[in-house]
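Accompanying notes for the structure given below.
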Amino acid sequence: TYLSAKAPVFIAPAMDLDMFAHPSTTRNLELLRSYGNHIIEPASGELASHLVGKGRMEEPEVIASVLDRFFDCGMSLAGKHIMITAGPTYEKIDPVRFIGNYSSGKMGYAIAVEAASRGADVTIVSGPVALKAVNPRIKVVDVESAREMLEACERIFPSCDIAIMCAAVADYAPAHPADRKIKREHNDLPVIELVKNPDIAATLGAMKKPGQRLVGFALETDNEMSNALHKLKAKNLNMIVMNSLRDKGAGFRTDTNKVTIYKLDGGELHFDMKSKREVASDIIDTLLSL
Ligand code: C5P
């Protein structure tokens with residue numbers, strides 16, 4: 001029934017701990033999630049406090065309320081085109097080496113899956129990541145460097161209602177990438193001269209037309225709030241999602257995130273640590289409230 005279902009599918013796993021912990025269950029749930037299905041399960045925080053095992057079915061009232069919410073606002077993004085930048089950029093040093101960063105793309109891809117499950121047509125402009133988007137409403141444009149990402153964004157943004165800038169774009173790129181592999185037999189230590197990369201979010205901020213919404217991210221380690229508020233204004237964003245690397249379980253490569261969202265109208269929303277898919281849902285709910 002599932003394999004031939006064309007409608008959105010909700011899954012509420014109900015099994016014992018060993019079955020739930022089995023790698024085949026974990027892998028299948030991950031796959032189902034990446035296809036844009038909705039997995040309904042008790043939050044892990046709740047489990048600890050109630051002393052019940054993983055795999056326990058979510059309370060029927062909660063399942064019903066998730067469905068209620070879906071039918072209230074489920075397709076609220078139908079007809080909207082959303083562009084999302086995700087992952088790192090690679091800046092070429094020579095044919096085998098690059099400057100990059102630890103971004104996994106998980107947050108951007110989670111937002112894409114959430115937006116697609118609410119009916120949006122999504123384009124991910126993706127740096128090199130190990131993730132795949134399988135939802136038919138998600139299109140992926142693969143890029144490598146910040147310059148390539150900028151070109152793709154400038155081309156796609158004019159047809160978008162919303163752009164969400166999740167990518168960890170390298171700030172600098174080698175000024176003169178070598179055509180051939182740089183050899184080790186140098187008497188002097190090699191020096192890589194860098195040039196500044198374009199700010200993609202700020203470029204789109206300057207292109208933004210009335211009715212278009214632009215969302216940025218700020219990954220901070222200190223002075224979080226003032227840095228985030230500065231970026232919100234400087235890049236002409238409508239809202240900015242701030243995560244602090246000081247919070248364990250937030251930021252790069254994790255499956256969870258803890259964010260604060262600052263809106264241009266001065267509003268700010270603080271969220272608890274959640275899965276990136278739930279954070280994606282909070283981000284889209286906030287975006288729809290603007
Ligand atoms: O200035 P900072 O890099 O901290 O800003 C982060 C925000 O700007 C993120 O939304 C990021 O995707 C975006 N950004 C960008 N192009 C850059 C640098 C950052 O789009 N070159």
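The values are calculated or read from the model by the stated rules, or taken from the named source; none is laboratory data. Predicted model only: the values in this text are computed from it and were never measured. All Cβ positions, even for glycine, are placed from backbone atoms using ideal geometry, and neighbour counts span all protein chains on display. Protein only, heavy atoms only, side chains kept; ligands, DNA and RNA dropped before computing areas. Shrake-Rupley method; radii C 1.70, N 1.55, O 1.52, S 1.80 Å.
If I compute solvent accessible area with a 1.4 Å probe over the protein chains, what percent of it on the chain is carbon and sulfur? Of the solvent-accessible surface of the chain, carbon and sulfur hold 54 percent. If you run the Gaussian network model on the chain, springs between alpha carbon atoms under 10 Å, then out of Val62, Val143, Val129 the most flexible one is Val62.
So if I take the centroid of the Cα atoms in the stretch 142-217 and the same for the stretch 98-137, what is the distance between those two points in Å? Each part reduced to its Cα centre gives a spacing of 17 Å.
Mind putting a number on the dipole of the chain about its Cα centre? Charges go on the C-beta only, +1 for Lys and Arg and -1 for Asp and Glu, and I need it in Debye to the nearest 20. If you can, show how the numbers build up before the last one.
Details: 35 positive and 37 negative charges, 142 e Å.
Magnitude of the dipole: close to 680 debye.
Computed over neighbours whose Cβ is under 11 Å from that of Gly36, the net charge equals +3, Lys and Arg +1, Asp and Glu -1. Compared with the direct C-alpha span, the chain from Ala130 to Met207 gains 24.6 nm at full extension, assuming 0.36 nm per residue. I need the GluC sites (Glu not before Pro) found in the stretch 141-230, filtered to DSSP loop residues with at most 11 other beta carbons within 10 Å of theirs. Sparse-neighbourhood loop GluC sites (Glu not before Pro): Glu185, Glu193.
Entry comment: accessible area of the stretch 81-288 is 51 Å² per residue, from protein heavy atoms only and a probe of 1.4 Å.
Report the gain in length on full extension from Ile63 to Ser159: 0.36 nm times residue separation, minus Cα-Cα distance, nm rounded to one decimal.
Numbers: separation 96, 0.36 × 96 = 34.56 nm, distance 3.63 nm.
Extending this stretch completely gives an extra 30.9 nm.
For Ala120, the residues whose amide H sits under 5 Å from its own are Leu77, ignoring neighbours fewer than 5 places away on the same chain, with H placed 1.01 Å from N.
Would you please name the trypsin sites (Lys or Arg not before Pro) within the stretch 197-290 that are DSSP coil residues with at most 12 other C-beta atoms within 10 Å of their C-beta?
Values: sites: Lys208, Arg213, Lys231, Lys233, Lys235, Arg246, Lys248, Arg253, Lys258, Lys263, Lys274, Lys276, Arg277; in loops: Lys208, Lys235, Arg246, Lys248, Arg253, Lys258.
Passing both the DSSP loop test and the Cβ count: Arg246, Lys248, Arg253.
Distance between the modelled labels on Tyr2 and Arg180, one decimal in nanometres: 5.5 nm (7 Å Cα→Cβ projection).
Of the candidates Arg137, Arg56, Arg69, which one comes out as most mobile in a Gaussian network treatment of the chain with C-alpha springs shorter than 10 Å? Of the options given, Arg69 has the highest mean-square fluctuation.
Among Asp199, Asp142, Asp16, the residue with the largest mean-square fluctuation in a Gaussian network model of the chain, with springs joining Cα atoms closer than 10 Å, is Asp16. Summing +1 for each Lys or Arg and -1 for each Asp or Glu among the other residues whose beta-carbon sits under 9 angstrom from that of Lys276 gives +1.
Tell me the net charge near Glu224. Cut-off is 13 Å between Cβ atoms, Glu224 excluded, with +1 for each Lys or Arg and -1 for each Asp or Glu.
Numbers: positive: Lys231, Arg246, Lys258; negative: Glu220, Asp222, Asp247, Glu268.
It works out to a net charge of -1.
Shown here for the stretch 94-148: chymotrypsin sites (Phe, Trp or Tyr not before Pro) in loop regions (DSSP other than H, G, I, E, B) with at most 14 other Cβ atoms within 10 Å, namely Tyr102. Would you mind checking Lys6/Lys233; Lys183/Lys235; Lys80/Lys235; Lys92/Lys274; Lys92/Lys263; Lys139/Lys233 for any pair whose Cα atoms are more than 32 angstrom apart? The pairs that break the limit, which is 32 Å between Cα atoms, are Lys6/Lys233; Lys183/Lys235; Lys92/Lys274; Lys92/Lys263.
A Förster radius of 30 Å, combined with the Cβ-Cβ distance separating Glu30 from Asp285, puts the computed FRET efficiency at roughly 0.80. Restricting to the chain, what percent of DSSP beta bridges are antiparallel, rounded to 5? Within the chain, antiparallel bridges account for around 35 percent of the total.
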